[in-house]
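Trainee: Structure below; questions to follow.
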Amino acid sequence: MTKLLNDRFLRALHRQPVDRTPVWIMRQAGRYMPEYKSLRSRVGDFLTLCKTPEFACEATLLPLQRFDLDAAILFSDILMIPEAMGMGLSFVAEEGPKFSSVITAASDINKLPCLDPEDDLSYISAAIRLIVKNLNNSVPLIGFAGSPWTVATYMVEGQTSKQFYKIKGLMYQEPRLLHQLLAHMTIETTKALQAQINAGVNAVMMFDTWGGILNDALYKEFSLRYMAEIVANLKSDNPTIPIILFSKNSGRCLTEQAATGCDALGLDWTVNLAKARELVGDKVALQGNLDPCVLYASKQRIAVETKAVLEQYGSGPGHIFNLGHGIPLDVDPDNVQVILDVVKGVTWR
């Protein structure tokens with residue numbers, strides 16, 4: 001593979017020395033950017049944006065044209081696997097994703113197809129190849145997928161949920177069935193991430209947005225177990241590809257997460273970076289973890305909070321600066337620039 005002009009992010013993932021902390025931001029291509037809003041208006045619906053390689057490439061590159069970031073992340077969605085399974089995904093304004101078909105019984109799980117990512121998700125591989133070409137070895141490209149647990153919550157609930165009664169009801173009433181669903185999604189997620197690696201991404205990340213709704217024992221049984229399986233499967237064929245795990249609200253299980261064999265853990269803002277670093281030692285790099293809502297503050301306050309994150313981690317390799325979750329859709333893009341300036345050593349007063 002041709003050497004990247006900026007490999008700071010990859011070096012940090014491998015806990016190697018870097019000249020400064022690398023930075024990229026979750027949901028860095030999104031509605032907070034006027035350029036993205038213009039693209040979305042031109043394209044129309046969100047699924048068309050995700051499933052058209054040229055549009056997905058354009059969306060991926062937009063934040064790098066505005067900001068000096070150390071990594072690009074594929075523009076896609078964690079629900080593209082069940083969408084490809086024919087579950088009838090749509091995105092409703094102000095409500096989020098919805099499935100017209102949901103998992104309610106064993107028969108629904110048994111009907112789920114086995115995908116061929118090179119065919120059923122071919123638009124993702126095509127987008128990756130196009131993005132890699134346009135990046136021209138400037139920065140690394142991150143591929144991603146949702147964790148089996150998180151994706152399964154949408155497949156069972158049918159939409160975003162606040163209480164998760166349906167999937168947690170299934171978990172308690174018929175755990176065997178839920179394990180069957182999660183096992184199937186583990187296989188499909190592994191295949192999808194492998195296809196992204198084959199297409200040219202430099203690292204992959206698993207988003208476990210809803211892992212934190214479970215207690216420790218259930219989190220390990222129904223979420224972490226399957227992410228660990230994916231890490232092991234991918235590492236067996238791709239030992240040098242870095243893998244990042246991000247489980248929101250599950251900082252209490254950091255040592256177990258670090259033991260999966262992943263290369264880095266993404267942390268939300270509820271986790272103390274210094275304590276996390278002490279817990280995991282030199283096993284993994286750490287990514288995060290500024291509270292996204294800090295971006296609503298004054299530029300001076302944003303600078304103070306950004307410095308605090310850097311100071312909390314301290315000196316030495318193994319830190320990637322990021323938010324603790326995605327950028328809110330209505331923040332000022334100029335506030336993002338404050339973060340980047342501070343991380344790069346620009347003095348703010």
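Trainee: Could you please find all residues in segment 12-70 being touching a Phe, Trp or Tyr at 6+ places or on another chain (Cβ under 8 Å) and among the polar types (S, T, N, Q)?
Mentor: 21, 28, 48, 52, 60
Trainee: So, in segment 18-33, of the ones that are β-branched (Val, Ile, Thr) and crowded, with 23+ Cβ neighbours inside 10 Å, which residue ends up nearest to the chain's Cα centre (by Cα)?
Mentor: First, the residues of segment 18-33 that are β-branched (Val, Ile, Thr): 18, 21, 23, 25.
From what's left, crowded, with 23+ Cβ neighbours inside 10 Å: 23, 25.
Numbers: 23: 14, 25: 10 Å.
Checking each candidate, the answer is 25.
Trainee: If you take the residues of segment 298-323 that are assigned to a loop (DSSP other than H, G, I, E, B) and without any contact (Cβ under 8 Å) to a residue 60 or more places away in the chain, which of them is nearest to residue 264 (Cα to Cα)? Break it down into steps so the answer makes sense when it comes.
Mentor: Initial filter on segment 298-323 (assigned to a loop (DSSP other than H, G, I, E, B)): 298, 314-318, 322.
Checking which are without any contact (Cβ under 8 Å) to a residue 60 or more places away in the chain leaves us with 298, 314-316.
Numbers: 298: 31, 314: 17, 315: 17, 316: 15 Å.
Result: 316.
Trainee: Considering only residues of segment 148-198 that are within 22 Å of the chain's Cα centre (by Cα) and not in a helix (DSSP H, G or I), which is farthest from residue 82 (Cα to Cα)?
Mentor: 162
Trainee: Let me ask you something else. Looking at 295, 265, 323, 286, which one is crowded, with 21+ Cβ neighbours inside 10 Å and in contact with a His (Cβ under 7 Å, 6 or more places away or on another chain)?
Mentor: Numbers: 295 fails: in contact with a His (Cβ under 7 Å, 6 or more places away or on another chain); 265 fails: in contact with a His (Cβ under 7 Å, 6 or more places away or on another chain); 323 fails: in contact with a His (Cβ under 7 Å, 6 or more places away or on another chain).
Going through 295, 265, 323, 286 in turn, just one is crowded, with 21+ Cβ neighbours inside 10 Å and in contact with a His (Cβ under 7 Å, 6 or more places away or on another chain): 286.
Trainee: Any chance segment 140-162 includes a residue that's surrounded by fewer than 23 Cβ atoms within 10 Å (Cβ to Cβ), without any contact (Cβ under 8 Å) to a residue 24 or more places away in the chain and within 21 Å of residue 206 (Cβ to Cβ)?
Mentor: yes
Trainee: Additional query: Whether any residue in segment 168-189 is within 26 Å of residue 11 (Cβ to Cβ) and out of contact with any helix residue (DSSP H, G or I) (no Cβ under 7 Å at 6 or more places or on another chain) is what I want to check. It would help to see each step written out before you state the result.
Mentor: First, the residues of segment 168-189 that are within 26 Å of residue 11 (Cβ to Cβ): none.
Scanning segment 168-189 turns up no residue that is within 26 Å of residue 11 (Cβ to Cβ) and out of contact with any helix residue (DSSP H, G or I) (no Cβ under 7 Å at 6 or more places or on another chain).
Trainee: Need the failing condition index for residue 121 against (1) touching a helix residue (DSSP H, G or I) at 6+ places or on another chain (Cβ under 8 Å); (2) closer than 20 Å to residue 326 by Cβ, just the number.
Mentor: Among (1) touching a helix residue (DSSP H, G or I) at 6+ places or on another chain (Cβ under 8 Å); (2) closer than 20 Å to residue 326 by Cβ, residue 121 violates only (2).
Trainee: Among (1) over 19 Å from the mean Cα position of the chain (by Cα); (2) on the phi < 0 side of the Ramachandran plot, which single condition is residue 15 missing?
Mentor: (2)
Trainee: Next up: Return yes when residue 46 is over 20 Å from residue 91 (Cβ atoms), touching a residue at least 24 places away in the same chain (Cβ under 8 Å), of a type in the set (A, V, I, L, M, F, W, C) and surrounded by fewer than 21 Cβ atoms within 10 Å (Cβ to Cβ) and no when it is not. Before you say what the answer is, go through the steps one by one.
Mentor: Details: over 20 Å from residue 91 (Cβ atoms): no; touching a residue at least 24 places away in the same chain (Cβ under 8 Å): yes; of a type in the set (A, V, I, L, M, F, W, C): yes; surrounded by fewer than 21 Cβ atoms within 10 Å (Cβ to Cβ): yes.
It is false that residue 46 is over 20 Å from residue 91 (Cβ atoms), touching a residue at least 24 places away in the same chain (Cβ under 8 Å), of a type in the set (A, V, I, L, M, F, W, C) and surrounded by fewer than 21 Cβ atoms within 10 Å (Cβ to Cβ).
Trainee: With farther than 26 Å from residue 114 by Cα and touching a residue at least 12 places away in the same chain (Cβ under 8 Å) as the only criterion, which of 215, 249, 198 stands out? Full working, then the answer.
Mentor: Values: 215 fails: touching a residue at least 12 places away in the same chain (Cβ under 8 Å); 198 fails: farther than 26 Å from residue 114 by Cα.
Testing whether each residue is farther than 26 Å from residue 114 by Cα and touching a residue at least 12 places away in the same chain (Cβ under 8 Å) leaves just 249.
FYI, it's all coordinate maths here, none of it is from the lab. These numbers come from a predicted model, not from an experiment. We place every Cβ from the backbone using ideal geometry, glycine too, and count neighbours over all the protein chains shown.
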